[in-house]
Amino acid sequence: TSRRLAAEIGASTMAVFNRFQNMAEVRRAVREESFARLNARLDSLPHSDDPVADLVAAGAAFFASGVANHHLYRAMFIDPPPEDDDLGAETFERLVALIRRCVSAGRFPAAQESLVPVWAAQLWSMRHGLVTMTAAELLPDEQARFVLDDMTFRLLVGYGDDPARARRSIEEGNRAAAGTPPS
């Protein structure tokens, strides 16, 4: 509500409506800022010679961002978006591009182009579910990270990646997302 927002920022409701005409504009601004922050975090990840590690790093950054900023995550992915709002499309396309890199590098040898967006949706929904469960305090953070790595491993191998390479890529991707130098 406008009153709650005003109280949270230490201003009057008039101050809120001097900047925004209505709460729909506030919601849109929150979504824009939230996606800008997520995309900046994804942009800050290093690019490596291992596209699967880069895919894992992006997923780990997505998860960490969602858990750390669950109020913004809610505005981005749980609350219905305003009409004509496709802010999430760029984030999804980033995921599709990362999967295409993995396919091009031969890590997912049996891939068909029609499967790439399906795999992106699988990876996204897996992470979304774990962020939601963690933010709702239904699953402790460390347990969610374990489940995330295990499910990621199973999907990568299902996409055709070598199990040993997939495990190494998961380790490297998690290190990259945490800002830890590669081993």
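Among [x] 2, 8, 16, 23, 19, 13, 9, 6, 3, 1; [y] 1, 8, 15, 18, 18, 14, 10, 6, 4, 3, 2, 0; [z] 1, 9, 18, 22, 21, 16, 8, 3, 1, 0, find the value of P(r) over Cα pairs in 5 Å bins from 0, in percent that was calculated from the structure presented, and write down its label.
Computing P(r) over Cα pairs in 5 Å bins from 0, in percent and matching it to [x] 2, 8, 16, 23, 19, 13, 9, 6, 3, 1; [y] 1, 8, 15, 18, 18, 14, 10, 6, 4, 3, 2, 0; [z] 1, 9, 18, 22, 21, 16, 8, 3, 1, 0 gives [y].
Provide the gained length on full extension for the span residue 115 to residue 6, in nm with one decimal, where the gain is 0.36 nm per separating residue minus the Cα-Cα distance.
So the chain would gain 34.6 nm between residue 115 and residue 6.
Which residue, chosen from 46, 88, 36, occupies the Cα position most advanced towards the positive end of the dipole of the stretch 22-101, where the dipole is computed from +1 (Lys, Arg) and -1 (Asp, Glu) charges on Cβ about the Cα centre?
46
For the chain, what relative contact order do you get, as a whole percent, if you take Cα pairs closer than 8 Å and at least 6 residues apart?
Once divided by the residue count of the chain, the mean separation gives 28 percent.
Where in the chain are the DSSP H helices whose C-alpha atoms run 20 Å or more along the long axis and whose mean Kyte hydropathy is at least -1.0?
23-43, 51-68, 87-104, 116-135, 141-158
So how far, in whole Å, is the C-alpha centre of the stretch 156-183 from the one of the stretch 14-90?
24 Å
Dipole size in debye (nearest 20) for the chain around its Cα centre, Lys and Arg Cβ +1, Asp and Glu Cβ -1?
Dipole of the chain, to the nearest 20 debye: 240 debye.
For residue 90 and residue 141 in the same chain, what is the full-extension length gain: residue separation times 0.36 nm, less their Cα-Cα distance, in nm?
Extending this stretch completely gives an extra 15.7 nm.
With each run of n ≥ 4 DSSP H residues scored as -39500 (n - 2.57), what mean residue ellipticity at 222 nm is computed for the chain after dividing by its residue count and rounding to the nearest 500 deg cm²/dmol?
That comes out to -23000 deg cm²/dmol.
Can you bin the stretch 21-69 into rounded, prolate or oblate? Criterion: square roots of the alpha carbon gyration tensor eigenvalues sorted a ≥ b ≥ c, rounded for a/c under 1.5, prolate for a/b above b/c, oblate for the rest.
Judged from the Cα gyration tensor, the stretch 21-69 comes out prolate (a/c at least 1.5, a/b above b/c).
Can you bin the stretch 108-181 into rounded, prolate or oblate? Criterion: square roots of the alpha carbon gyration tensor eigenvalues sorted a ≥ b ≥ c, rounded for a/c under 1.5, prolate for a/b above b/c, oblate for the rest.
oblate
None of the figures in this text is laboratory data; all of them are computed from the coordinates on show. These numbers come from a predicted model, not from an experiment. Note that each Cβ is placed from the backbone with ideal geometry, even for glycine, and that neighbours are counted across all protein chains shown.
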